[in-house]
Amino acid sequence: MIKYFPKFLAVGLIIVSIAISVQASGFSDDTLVLKALSALNLSPSNFAISPDIETPDPFRSPIITYLLLHSDQLESVSMKLTDSVSKQLKMSPSITSTLPVTWDKIVTDAKLIRERNWTGFTPEERIKALSDVPDLYREDDNVADLDVFTLKERQEIGADSMKATNALIKKIHGYTDWNRSLNALRAFTASISDTSNWEMIFGSLRHTPLAGVTGAIVGWQETSGGIVIIGSKARNIYDGEFAAIIDLGGNDEYRGRFAGNSEKVPVGLVIDFEGDDYYLADSNFSCAGARDGIAMLLDFSGNDHYIGNQWSQGAAMMGASLLEDRSGFDSYEADANSQGCAAFGSASLHDFTGNDNYRIHMYGQGVGLIAGWGTLLDEQGDDQYLATPRYVDVLRYQDHSLTLSQGFGYGLRPNFSGGFGFLIDETGSDFYMSDIYGQGCSYWYALGVLLDKTGNDRYLAYQYAQGSGIHISLGLLRDEAGDDHYDSKGVSQGCGHDLGTGYLHDLAGEDSYICSDLSQGAGSANGFGVLIDDAGNDVYSNRNSVSTMGYGNPRRDYGSIGLFLDKAGDDRYADTDAADGRMWLRGIRGVGWDIAKPALKGEKP
């Protein structure tokens, strides 16, 4: 159980003493949080969650366990993780072996990993796992139109089927080996240029026509991992299943299965050196979509258009994948499980430059599912991240949809813990839109982080968003610069619900915040929620002043913690209780605090 919170003791006197001491001294975020907690006669130990509150499963991360025990360290630990992930994607890959990295060796190692990972499975169980586990994350378009009796019948059938699938999931192991294999593939691609000696790399090339390829080619070869094609600098259309395509230039089209895996192709690779290219993944696990293998797509230049269904554009299920686009104004469209989405492995979408557009319906733009690390890293440009409606949220609303995207960690309650989802945008004025679940959010023993480093950004969501941790989980939205705008209904903007922890931290700029309820530093059902704004003349609007801006509700007898901290600026509040230089209490364990800037020397306070 979460530790019981002590009762209020002389809160009014404590508030006065804290306000006086802070006016005369400098302070850090950690100091402010501690001082605000002391106003409630609390300390960080009061929001530690015991790791045995739920029975551990095979995929519970020790990082998640640590953060639940030390929720006050959520932001600092998350920043170390995002920094590590970014550095790994940006740095040149390294190989520990002194042996040369060759295509045949990468394929051989991938086949060995496959064989080792399925030890203990019968052939029938392997086939069932590869087909059933991805279906755990597939939604039905027509479910909103079903009556309650049909829905109940489907749930009962699904529960019986789920028991068999759960048994298979518990046997999955060894998925981290794919990261090493992908690192070897990255090193292999780093050694290739558009003037490479292809016959030295792949052996003697054939120059006969090849089914599924339109346009001139340098040559092709059948390798141990499947067919490898070297395309010319003219326009090509590729439509088939190929292990590797290396295209030297032209405005090309890719269709069929490319940079993906199948029973015959454990390693999928595409390298495109030039051109405005069109990538249509009309099958799942294509276009840097890995399943039981590794997949990589590297595009060096051009304004490219990526279209996928599910499990594409940097996605992995029991594997590892990477989509790397190094320049251009690019657009990415997919249905679900794409754009940096992983389960039982790792997946990344890394875009270097350009004003890019990302569109997904669900499970995308940095999502970590069971035992997954999913990342979307965009280094430059004014970008749009859109998680648009398609899958109706039948449990709550008929007019809103589940999006579960944009720095989102997701576990399958109550059986399996979730993973790590990161959306990292380093420069530009960006626009983020989601509906239900998104923008630095998580569910069930997982971590979701949205980090935006510069620019005047806009965040639009409806519920469970903008730094929210739901059901024993942790979510963070951190914006480091710019005049930003945040708009959501509720359970957002620094909200922790049901033993969850949620942070929203805006470090600079003149910002505006709009919400309805359970937001702006709110704790619900033993949750811990924090909103911190460091600087700027900010505007706060809340439609329900009872449950926002530093609110802890009293559910389950011993309550929740909500902290709202504005550290500087001449701020405007729609709430009559809030004002510059004032502290207020809400709920059972909630505190709001606007810290008036210290008076200048010689100035009357």
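The values are calculated or read from the model by the stated rules, or taken from the named source; none is laboratory data. These numbers were taken from a predicted model, which means no experiment stands behind them. So basically every Cβ, Gly included, is an ideal-geometry build from the backbone, and we count neighbours across all protein chains shown. These accessible areas exclude ligands, DNA and RNA; they are computed on the full protein's heavy atoms, side chains included. Shrake-Rupley method; radii C 1.70, N 1.55, O 1.52, S 1.80 Å.
Miscellaneous remarks
- Among beta bridges that DSSP assigns inside the chain, antiparallel share in %, nearest 5: 10
- Helix 74-90 and the longest principal axis of the Cα set of the chain meet at an angle near 20°.
- Ranking by accessible area, most exposed first, for ARG180, ARG291 with a 1.4 Å probe: ARG180, ARG291
- Accessible area (Å², 1.4 Å probe, nearest 10) - LEU476: 0
- Counting only DSSP beta bridges with both residues in the stretch 445-593, the antiparallel share comes to about 5 percent.
- Sites ALA579 and ASN456 - FRET efficiency at Förster radius 25 Å, r taken between beta-carbons, to 0.05: 0.45
- Taking the stretch 399-423 and a reference point 7 angstrom along Cα→Cβ of THR55, the backbone N atoms nearer than 12 Å belong to 414-416.
- Note that the stretch 380-391 has calculated 3J(HN,Hα) couplings of 9, x, 8, 10, 10, 10, 10, 10, 9, x, 7, 9 Hz, one per residue in order, obtained from phi through the Karplus relation 6.51 cos²θ - 1.76 cosθ + 1.60 (θ = phi - 60°); glycine and proline are x.
- The chain: angle of helix 29-39 to the longest principal axis, Cα-based, in degrees nearest 10: 40
- Each residue of the stretch 216-227 is assigned a 3J(HN,Hα), and the resulting list reads 6, 10, 6, x, 8, 8, 8, 10, 5, x, x, 7 Hz, derived from the Karplus form 6.51 cos²θ - 1.76 cosθ + 1.60 (θ = phi - 60°), x at Gly and Pro.
- Point-to-point label distance, ARG326-ARG116, nm (Cα→Cβ direction, 7 Å offset): 3.1
- When mean projected area of the Cα convex hull in nm² is computed from the coordinates, the matching label among (1) 28.5; (2) 47.6; (3) 45.0 is (1).
- FRET efficiency for MET79 and ILE237, using Cβ-Cβ distance with R0 set to 35 Å, rounded to 0.05: 0.20
- Evaluating 6.51 cos²θ - 1.76 cosθ + 1.60 at θ = phi - 60° for every residue in the stretch 536-547, the Karplus couplings come out as x, 8, 9, 10, 10, 10, 9, 6, 10, 6, 5, 10 Hz, glycine and proline recorded as x.
- Proximal aspartates and glutamates relative to LYS35, as straight alpha-carbon distance under 15 Å, when same-chain residues fewer than 8 apart are discounted: ASP72, ASP566, ASP594
- Figure legend: label point modelled 7 angstrom from the Cα of ARG572 along Cα→Cβ; residues of the stretch 530-560 with amide N under 17 Å from it are 536-543.
- Here's how it looks for SER473: its modeled amide H is under 5 Å from those of TRP444, TYR445, GLY500, THR501, which are all 5 or more places away or on a different chain.
- Folded to 0 to 90 degrees: helix 177-190 orientation relative to the chain principal axis, Cα: 70
- Among 580-591, 560-571, the order from most to least packed when residues are scored by Cβ within 10 Å on average: 560-571, 580-591
- Net charge over other residues, Cβ less than 10 angstrom from the Cβ of MET296 (K, R count +1; D, E count -1): 0
- Sorting 507-519, 258-270, 335-347 by average packing, meaning the other beta carbons within 10 Å per residue, from highest down gives 335-347, 258-270, 507-519.
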